[in-house]
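> If you scroll down you'll find the structure; I have some questions about it.
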Amino acid sequence: MEVLLGITGQDFTLIAASKAAMRGATVLKAADDKTRSLNKHTLMAFSGEAGDTVQFAEYIQANAQLYSMRNEADLSPSALAHFVRGELASSLRSRKPYNVNLLLGGVDPITHKSSLYWLDYLASLAPVPYAAHGYAQYYCLSILDKHHHPDISLEQGIKLLNLCTDELKRRLPIDFKGMVVKAVTKDGIIDIEFDDDKVVKSA
Amino acid sequence: MSSPFSINGGACVAMVGKDCVAIACDLRLGLQALTVSNNFPKIFQYGDNVFLGLTGLATDVSTVSDLFRYKVNMYRLREERQIAPRTFANLVSSSLYEKRFGPWFVSPVVAGLDPKTGQPFICGFDSIGCIDFAKDFIVSGTASEQLFGMCESLWEPGLDADQLFETISQSLLNAVDRDALSGWGAHVYIIEKDKVTKRLLKGRQD
Amino acid sequence: MADRYSFSLTTFSPSGKLVQIEYALNAVNQGVTALGIKATNGIVLATEKKSSSPLADPSSLSKISLITPNIGMVYSGMGPDYRVLVDRARKVSHTGYKRIYNEYPPTRILVQDVARVMQEATQSGGVRPYGVSLLIAGWDEGILPEEEIEAKEGEEGKKLSGKTGGILKGGPMLYQVDPSGSYFPWKATAIGKSATTAKTFLEKRYTEGLELEDAVHIALLTLKETIEGEMNGETIEIGIVGPPADHLLGVEGVEGAVGPRFRKLTPQEIEDYLTNL
């Protein structure tokens, strides 16, 4: 029941991930951060098999940072997305593949174009205007289909995100303990205050 | 339903015309019945008039298209010439067979014009590289049965570039409408001697 | 422990030379002369077949070899080294090309592959350079349309067949490969003992727009200048790259089948050329 959401807009990319760390039906932690920043303007959210997720994400994070240190220049979100795909694709046909789904959001440091990449454990990569992973896809993609526009502002983006989380609270059988929400803008990655305590009435 | 060839969905078709060829694909990327993206092209260019269409498992579509970009770039550097469609088709065949006992889950289609004679060239492959040479058309993907039907009824020999565009577009569009896993827009390439035209068909978005 | 390390025998002298390679060239320059001439419609490779004893059976000796149906090779220098290179060239033309692209390599690609083998022998541990220079002759199919080649020729105002070789146009190509691994394309050249004499002779006799028949003629005349023994069908070896030799296919009536362009002349054919000399 992990939730990953991503929304792009005019000059930003929003990434949101559920706070619950679960094992079976048990919530082990209610303030988990399922995101890692790869560099100043690229953020990655991950879900999947416990252990694989953080291990893989931090491996990618370390390599992205190593690249930045060696070259005194950051990889673009597109370059990072294709790098991650390559790693995941070679993992897929290895003895023990990583079971990790990812969203990669960023803003190009030069063109200021926002971008979002959807990547699953099979290493299928797709650039998308908005995305979700897991069961959230079935509830949120239709909402995003209806309300998303490529040139929305950050405020509108957060409103759209609220529409999604409200629906998730209404429909998901297990409490996902709210969302960690971050936005990538041309100035870097910023934490977004998000009201997790809002009560949504059931349908 | 959980065959690797039908997880993500997708369709591709190539056709021969008079001194021209056409190749077209849909744009859907899905997970079973859920559509994730309507911007996932499945046709890749490897020379002035050499095209490869790849349907099947999306991750392998990306991996295999990248692999051939590498191989064809190396060929071009080594031989200081563009690869010919027939040579490329044989490269595809031998590369796929290399993975005979752990294949890429793709069904490739090659389309192009022979640089020496200007003759149209199309062929298709199974996932382990068996080549299917054809004089008329090649289909692949989850809508292949529907495409066979459309092509059998619409295609005729000697179509010029404009007629070929109409024929391949109608064949693809109407085939994917009867396949839940394909559609959501299309790319169509018409390849003539000194001209390649790429058109984007919006298609039904439902 | 001793087998753990292996050092290259070819090392730089203080003056910057690789003397092992120079020694290899010395071996080549003591070898029997071989020559090649490129014509507009083919190539001729020729060499002398020297037997050490009148008891030797010359028909079993062969110095010109077919590598692919369109490419042939001759050498000057050490015979055993040459046979190793012929084997490698035949092998790599399949593993590195035909089994991948289902067609035979163009001449330059084959030459580069053979040259790589020879270069590696100058930089690897525990081996010596090959004591041979090679002449490799082949015909390329090319990928340019025929009419385009003719149009280009029209611009230059020449009226030849237009195919002067190469991967794009197609046509005959003649290369020399040395023990260092360097290679050169030639219109006509010679290697071995009398290479200098032969090349001076070729410079005088070579003309642009030469036809294959004339080239064979010139090859024999050049050989005559340098040869030590008698010239006849048994003592001369000639290989030609010419029009497809469909009679060598072994089958008839197979659609699309094209015979090899490279073939060796029979002693009888050589005798015929010699009588007309």
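The values are calculated or read from the model by the stated rules, or taken from the named source; none is laboratory data. Note that this is a predicted model, so its numbers are computed, not measured. We place every Cβ from the backbone using ideal geometry, glycine too, and count neighbours over all the protein chains shown.
Let's see how each residue does on (1) within 11 Å of another protein chain (Cβ to nearest Cβ); (2) free of Cβ contacts under 8 Å to residues at least 24 places away in the same chain; (3) over 16 Å from the mean Cα position of the chain (by Cα):
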position	(1), (2), (3)
A:ALA123	yes, no, no
A:VAL128	yes, no, no
A:HIS133	yes, no, no
A:SER153	no, no, yes
A:ARG171	no, no, yes
A:ALA183	no, no, no
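> Could you check segment C:194-230 and list, in sequence order, the residues that are assigned to a loop (DSSP other than H, G, I, E, B) and in contact (Cβ under 8 Å) with a residue 60 or more places away in the chain? So that I can check it myself, show each step before the final result.
So in segment C:194-230, the residues assigned to a loop (DSSP other than H, G, I, E, B) come out as C:194, C:206-211, C:227-230.
Of everything in segment C:194-230, those that are assigned to a loop (DSSP other than H, G, I, E, B) and in contact (Cβ under 8 Å) with a residue 60 or more places away in the chain turn out to be C:SER194, C:TYR206, C:GLY209, C:LEU210, C:GLU211, C:ILE227, C:GLU228, C:GLY229.
> Would you check which residues across segment C:88-116 are among the small types (Gly, Ala, Ser) and touching a residue at least 60 places away in the same chain (Cβ under 8 Å) and list them? Don't jump to the end; show me each part of the working.
First, the residues of segment C:88-116 that are among the small types (Gly, Ala, Ser): C:89, C:93, C:96, C:115.
Within segment C:88-116, C:ALA115 is the sole residue that qualifies.
> Between B:ALA89, B:ALA84, which is surrounded by 24 or more Cβ atoms within 10 Å (Cβ to Cβ), among the small types (Gly, Ala, Ser) and modelled with pLDDT of 95 or more? Quick ask: steps written out before the conclusion?
On the way: B:ALA84 fails: surrounded by 24 or more Cβ atoms within 10 Å (Cβ to Cβ).
Residue meeting the stated conditions: B:ALA89.
> For segment B:16-33, which positions are more than 14 Å from chain A (Cβ to nearest Cβ) and hydrophobic (A, V, I, L, M, F, W, C)?
B:VAL16, B:CYS20, B:VAL21, B:ALA22, B:ILE23, B:ALA24, B:CYS25
> Take the residues of segment C:49-66 that are outside any loop (DSSP other than H, G, I, E, B) and modelled with pLDDT under 95: which is farthest from C:LYS91 (Cα to Cα)?
The initial filter retains those residues of segment C:49-66 that are outside any loop (DSSP other than H, G, I, E, B), namely C:58-60, C:65-66.
Add one more test, that the residue is modelled with pLDDT under 95, and what stays is C:58-60.
On the way: C:PRO58: 27, C:SER59: 25, C:SER60: 23 Å.
If we take residues in segment C:49-66 being outside any loop (DSSP other than H, G, I, E, B) and modelled with pLDDT under 95, then C:PRO58 is farthest from C:LYS91 (Cα to Cα).
> To continue, here is another question. Looking at segment B:186-200, which of its residues are free of Cβ contacts under 8 Å to residues at least 40 places away in the same chain and closer than 22 Å to B:ALA143 by Cα? Lay out the reasoning, then the answer.
Going through segment B:186-200, the residues free of Cβ contacts under 8 Å to residues at least 40 places away in the same chain turn out to be B:194-195, B:197-200.
Residues satisfying the conditions are B:LYS198, B:ARG199, B:LEU200.
> Would you please list the contacts, defined by Cβ atoms under 7 Å and residues six or more apart or on different chains, that run from a residue in segment C:4-19 that is over 17 Å from C:MET118 (Cα atoms) to a residue that is assigned to a loop (DSSP other than H, G, I, E, B)?
These pairs meet every condition: C:SER6/C:GLY126; C:PHE12/C:LEU18.
> For segment B:34-67, which positions are within 11 Å of chain A (Cβ to nearest Cβ), touching a Lys or Arg at 6+ places or on another chain (Cβ under 7 Å) and either outside any helix (DSSP H, G or I) or farther than 30 Å from A:TYR135 by Cβ (or both)?
Selection gives B:THR35, B:ASN38, B:PHE40.
> Another question, then. Considering A:ALA16, A:ALA50, A:ALA57, A:ALA45, which residue is part of a helix (DSSP H, G or I) and aliphatic (A, V, I, L, M)?
On the way: A:ALA16 fails: part of a helix (DSSP H, G or I); A:ALA50 fails: part of a helix (DSSP H, G or I); A:ALA45 fails: part of a helix (DSSP H, G or I).
Result of the check over A:ALA16, A:ALA50, A:ALA57, A:ALA45: A:ALA57.
> If a residue must be charged (D, E, K, R), touching a helix residue (DSSP H, G or I) at 6+ places or on another chain (Cβ under 7 Å) and within 12 Å of chain B (Cβ to nearest Cβ), how many such residues does segment C:91-146 contain? Quick ask: steps written out before the conclusion?
Residues of segment C:91-146 that are charged (D, E, K, R), as a first pass: C:91, C:98-99, C:103, C:108, C:113, C:116, C:120, C:128, C:140-141, C:146.
Filter once more, so that each one left must be touching a helix residue (DSSP H, G or I) at 6+ places or on another chain (Cβ under 7 Å): C:99, C:103, C:113, C:128, C:140.
From the residues that got through so far, the ones that are within 12 Å of chain B (Cβ to nearest Cβ) too are C:99, C:103, C:113, C:140.
The number of residues fulfilling the criteria is 4.
> OK, next. Residues that are more than 13 Å from chain C (Cβ to nearest Cβ) and within 23 Å of B:VAL64 (Cα to Cα): list the strands (runs of 3 or more DSSP E) wholly contained in segment B:75-167 that include at least 3 such residues. Talk me through it step by step, then tell me what you get.
Numbers: elements: B:106-113, B:120-125, B:131-133, B:137-141.
Because the criterion is at least 3 residues that are more than 13 Å from chain C (Cβ to nearest Cβ) and within 23 Å of B:VAL64 (Cα to Cα), the strands (runs of 3 or more DSSP E) in segment B:75-167 that meet it are B:106-113, B:120-125, B:137-141.
> May I ask you to list the residues in segment A:148-179 that are small (Gly, Ala, Ser) and surrounded by fewer than 18 Cβ atoms within 10 Å (Cβ to Cβ)? So that I can check it myself, show each step before the final result.
Kept after step one, since they are small (Gly, Ala, Ser), are these residues of segment A:148-179: A:153, A:157, A:178.
A:SER153, the sole residue that qualifies.
> Select from segment C:239-264 the residues that are within 21 Å of C:SER60 (Cα to Cα) and out of contact with any Asp or Glu (no Cβ under 8 Å at 6 or more places or on another chain) and list them in ascending order. Break it down stepwise before answering.
Taking segment C:239-264 first, the residues within 21 Å of C:SER60 (Cα to Cα) are C:239-240, C:248, C:262-264.
Answer for segment C:239-264, where residues must be within 21 Å of C:SER60 (Cα to Cα) and out of contact with any Asp or Glu (no Cβ under 8 Å at 6 or more places or on another chain): C:GLY239, C:ILE240, C:LEU248, C:PHE262, C:ARG263.
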